[in-house]
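Scroll down for the structure; my scribbles are underneath it.
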Amino acid sequence: SLSRTAPVNITTWRRVPLGTSGGISALGTLGGLIGAALVGFTAWSATGDGRLGVVATATGFGGMMFDSLLGATVQAKFFCDACEAPTERRRHHCGKNTRQIGGVRWIGNDWVNAAATAAALLAGWLLWRSR
C-alpha cells in the first residue's frame, strides 16, 4: 500500500488494482525480503548458527512469494456488479452478492495463508534436514 506504482500480477506481470490477490510490487517484495532477513538474523543471533539464519530467510521469503502465487492462481475472485469492483468476498461490503470471476470458489485468503505457511514450514524443515 506504500508503493507509488500499481502492483503487478505475479503470474502475468500485468498491472492490477491495489489489493488484488496475487499482486506484488517492488517495494512490497523488498519489504518482505527485509522482514524475512530480520527473522533470519534473529535466528542466527539467538543460536549462533548462520545456516539457520539463511534457511529462515529463504523459507520466509519463499513462503511470501508462494502466498502471492496461490492468490493469483487458485484463490477465489469475485466481482460486485453494483459497485463495479473486484473483491475476495462472496458478499461485497455494500451488501450485494458478487459473482465469481476466477479461482476456486471455496479457497479464500485464509486457506491461501495457511497453505503458504505450511509450505514454508515444510521447505524449511527439508532444507534444515539436508545438512
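The values are calculated or read from the model by the stated rules, or taken from the named source; none is laboratory data. Only a predicted model underlies this, so the values are computations on that prediction, with no experimental measurement involved. Heads up, the Cβs are rebuilt from the backbone with ideal geometry, glycines too, and the neighbour counts pull from every protein chain shown. To get the accessible areas, we keep the full protein, side chains included, count just its heavy atoms, and leave off ligands, DNA and RNA. Shrake-Rupley method; radii C 1.70, N 1.55, O 1.52, S 1.80 Å.
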### Task
Could you list, in sequence order, all residues of the range 60-101 that are of a type in the set (F, W, Y) and open to solvent by 30 Å² or more (accessible area, probe 1.4 Å)?
F61, F66, F79
### Task
Tell me which residues, restricted to the range 82-107, are in contact (Cβ under 8 Å) with a residue 60 or more places away in the chain and in a strand (DSSP E or B).
P86
### Query
(1) in contact with a strand residue (DSSP E or B) (Cβ under 6 Å, 6 or more places away or on another chain); (2) more than 29 Å from W128 (Cβ to Cβ); (3) modelled with pLDDT of 95 or more: which one isn't true of V16, the others all being true?
(3)
### Summary
Screening D110, D67 for residues that are under 18 Å from T11 (Cβ atoms), modelled with pLDDT of 95 or more and in a helix (DSSP H, G or I) leaves only D67
### Task
Search the range 76-117 for residues being of a type in the set (A, V, I, L, M) and under 15 Å from the mean Cα position of the chain (by Cα), and hand back the single one that is nearest to T20 (Cα to Cα).
A76
### Task
Determine whether V39 is in contact with a Gly (Cβ under 7 Å, 6 or more places away or on another chain) and open to solvent by 30 Å² or more (accessible area, probe 1.4 Å).
yes
### Summary
How many residues of the range 46-59 are part of a helix (DSSP H, G or I) and either open to solvent by 40 Å² or more (accessible area, probe 1.4 Å) or in contact with a His (Cβ under 7 Å, 6 or more places away or on another chain) (or both)? The answer is 6
### Task
Inspect the range 110-126 for any residue being open to solvent by 80 Å² or more (accessible area, probe 1.4 Å) and acidic (D, E) and give the result as yes or no.
yes
### Task
Determine whether the range 86-99 contains at least one residue that is of a type in the set (A, V, I, L, M, F, W, C) and more than 23 Å from W128 (Cβ to Cβ).
yes
